[in-house]
Amino acid sequence: MAPSSKTEKDGNKQTQRKHKEHVVKLLNRGRLSGQYSQRLFRKLPPRVCVPLKNIVSEEFLRAGHIFLGFTKCGRYVLSYTSDCGEDDDFSFYTYHLYWWEFNLHSRLKQVHHVRLFTGEDIYSDLYLTVCEWPNDHSKIIIFGFNTRSSSSVLMNLMMSDENNRDIYITIASMPPPRPCSQCCPTNTSTIRTGSGECLEHGYMLNSRYQVVYPFPTFQPAFQLKKDQVIFLNTSYSLVACSVSLCPAGEQGHSTQILFRKRATAPTSEHQSPPSPSSSSSSHGSPDSRPLTAKPSPAPLSPSQSQAAARAREFAADLFRRAQGGGRENEGGERRGKTEGGEEPVVTEREGVSVERDREQREDTQMDQLTSAPQTSTSAGNQSLLRPLQEDSIQCSAVSPASSSSSSPPTPQSSQEAGCSEPGYVNYTRLQYRMPQPGAPEQAAGGYEDDKVQLPFTVTDLKGRNLQLVTGPHNGQSVCVEQLTLDFEYLINEVIRSDARWAPQFCSFNDYDVVILEVCPETNTVVINIGLLLLAFSNPEEEHCRPNTYHSSLQVSWDLNTGVCHTVGVGDLTEVKGQTSGSVWSSYRKSCVNTVMKWLVPESSSRYINRMTNEALHKGSSLQVLADSDRSTWIIL
């Protein structure tokens, strides 16, 4: 209807003028920042909009393909299928991911597909998230989250504990952009992989682990910020896992991504803390305090040697118990109860109690028998965190030479792997090759001790386990590295060495870890550890009952050396009448505020591509699959 008055006409003109000014302002802002808002153009011309039904055969849609979106290169469109068999109540789910080659106004061609989460019994429909690294286009990673919202009979039988959630992971190589001769594609199909012995386009890594309450947040913007590395919060540790393809003739530590440097030991017994200027230049924070290594121990007498051996065994046993405590009980009692129970915040946590603090004090006394005396630094935040003894360090870089030799290490090799590594980290490095003809198939899994690293399997596209490299090998191989940071060990060390309220500390009941920042250039990760703990209001008063407090620890972790630096320790805040759920909710909001204050816009080429089936679980569907970089839409 036409405007009825001149005033309405003038109002419409002003609205249109404001809209135009708004568009111009957005264009100028995009020219200055290098990024244009996705909300700038809400519609595209019809020539770059393609209906899905025009480019996909009807039989694939009837087969249940769920289309997720474009890959970062714009060459492929991804879809997946889930199959739970004929009996929904007593069947496991299987998932397959498909790559479709996309050309504008041409039908999609299926060029690649893999089975996700091979070897796992999945008893509920999963939330899937497919992600790509900023600049690593050789592989993708798929996360599967079990939220325990299913009402199936099988899930209720398998998972009776609401404290645990399953996380499934598949890292799969990308298909070749053009037909690969080593992949041996068949002429009768558009599939380019799967029938040859090509390791570059034909490997997969599968893993599964459980998280407990408070369930870690999913942060793909930080977890995938460093190319070829994924950071996984397992509730008990932070695992930096790297998966890379080692080219032929470039084996060994030249292709190593994590733990490339060893923490250098002090040159003298009395070493002062680093100056703020040197700390700021090397680690980016003038207030950070490194967890340096101890000097080499002085020669011991025979009686002291026996005491030292007992002390080292005692410390090693403590570390194993700290790593593996509570794993025998699958009921999730180690991390307290869920929010839904509305239990008081004081939840006793197995392995982290007054008894453990007493054992660590005994460990300190035993430790002093095996090393030269050291001068302590000033009180408060000037102290340095103490690493483990050399024999209790769990650092095992598995190389062909070390795995094939059964002779004891020489003094030189023991010194190289000695006490310079901090005791709160573990490092493993394994390499895999294609199975050799006639060789027996190896058992699933690459490393048997799941207390040291995440269990995983590395297979080809047919599901056959790849062969672990145990000797000299000049061909291609897949290298899997894991650098693990133990939370509970680190928390005790930070509190004992850097917290002003350490004399009041009794034990901590629970914790929640959030990644605040990842710097790919310096290989540094900054984490925030929220704590629920018991502490005495007056440590000098006898017969005093401890109260419940909340606090936080900020720590930076160097991926090159494994060393952690204390960035900050929060004050104690008494918890009165709050549930654990409300405490963790407030804590995570404060972490979000901190992240937003630090946020620096990334380059348009360094974004992390993310696709998810969240809309399906909400009972709706995506309207379009958008390739923003090339301004192309597929209309669903």
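The values are calculated or read from the model by the stated rules, or taken from the named source; none is laboratory data. These numbers come from a predicted model, not from an experiment. With ideal geometry, Cβ positions are generated from the backbone for all residues, glycine too; neighbour counts draw on all protein chains shown. Heavy atoms of the whole protein, side chains included, go into the accessibility calculation; ligands, DNA and RNA do not. Shrake-Rupley method; radii C 1.70, N 1.55, O 1.52, S 1.80 Å.
Please compute the per residue accessible area over region 479-552 with all protein chains in place, 1.4 Å probe, rounded to a whole number of Å².
31
Which of rounded, prolate, oblate describes region 483-580, given a ≥ b ≥ c as roots of the alpha-carbon gyration tensor eigenvalues and a/c under 1.5 marking rounded, otherwise prolate only if a/b is larger than b/c?
prolate
Could you give the nm distance between label points at K53 and S631, where each point is 7 Å from its Cα heading toward the beta carbon?
Placing both labels 7 Å along Cα→Cβ, they lie 2.8 nm apart.
Report, by chain and number, residues whose modeled amide H sits under 5 Å from the one on N509, excluding near sequence neighbours (fewer than 5 apart, same chain).
Those lying under 5 Å, H to H, from N509 are L532, L533, L534.
Would you mind calculating the gained length between H105 and Q182 on full extension (0.36 nm times residue separation, minus the Cα-Cα distance), in nm to one decimal?
The span from H105 to Q182 would gain 24.7 nm if fully extended.
Once you've got the Cα coordinates, tell me which of K72/K109; K139/K226; K225/K618 are over 25 Å apart.
Distance filter (> 25 Å) returns K225/K618.
Relative to a virtual label point 7 Å from the Cα of Q578 in the Cα→beta-carbon direction, which members of region 483-512 show backbone nitrogen distances below 19 Å?
501, 505-512
In whole Hz, what ³J(HN,Hα) sequence does region 231-245 give by Karplus (6.51, -1.76, 1.60; θ = phi - 60°), x for Gly and Pro?
Computed from phi, the couplings for region 231-245 are 9, 10, 8, 8, 6, 10, 7, 10, 10, 9, 10, 10, 10, 9, 9 Hz.
Would you work out if region 514-631 is rounded, prolate or oblate? Take a ≥ b ≥ c from the square roots of the eigenvalues of the alpha-carbon gyration tensor; rounded if a/c is under 1.5, else prolate when a/b is larger than b/c, oblate otherwise.
Verdict is oblate for region 514-631.
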